[in-house]
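The values are calculated or read from the model by the stated rules, or taken from the named source; none is laboratory data. As the structure is a prediction and not an experimental result, all values here were calculated from the model. Glycine gets a Cβ as well: all are built from the backbone with ideal geometry, and neighbour counts include every protein chain shown. Areas reflect the complete protein model, heavy atoms only, side chains present, ligands, DNA and RNA absent. Shrake-Rupley method; radii C 1.70, N 1.55, O 1.52, S 1.80 Å.
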Amino acid sequence: MGTNGQNNILLNMKRKQSAQVVVSLAAACMMAWGIYRGEVAAVFGKAVNVCLECIGLG
């Protein structure tokens, strides 16, 4: 494999890492926004209902 092939691999790895960082930051921002808006209780309540329905108590 030549130098161009190695450069392409490194460039692709950097792009992948950059995309992972951007997606992680976006997820963290969305989670923070949901916490700020008080959505934690609503999500937790829905999770409890789903779990109770799965085991047949709800």
If you line up the long axis of helix 3-37 against the longest principal axis of the chain, both from Cα atoms, how many degrees apart are they, to the nearest 10? 20
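Compute the accessible area per residue over the chain, keeping the other protein chains in place, probe 1.4 Å, unit Å². Don't jump to the answer; show the numbers that get you there.
Details: 5280 Å² over 58 residues.
On a per-residue basis, 91 Å².
What is the chain by shape, rounded, prolate or oblate, if you read a ≥ b ≥ c off the alpha carbon gyration tensor as root eigenvalues and call it rounded for a/c under 1.5, prolate for a/b larger than b/c, and oblate otherwise? Let's see the in-between values first.
Numbers: a/c = 12.20, a/b = 2.49, b/c = 4.90.
In terms of gyration-tensor shape, oblate.
Taking the Cβ of Lys46 as the center, what net charge do the other residues with Cβ under 14 Å away carry, scoring Lys and Arg +1 and Asp and Glu -1?
Values: positive: none; negative: Glu39, Glu53.
Surrounding charge for Lys46 is -2.
Of the heavy-atom accessible surface of the chain (probe 1.4 angstrom), what whole percent is carbon and sulfur? Can you show the working numbers first?
Values: 3550 of 5280 Å².
Carbon and sulfur together cover 67 percent of it.
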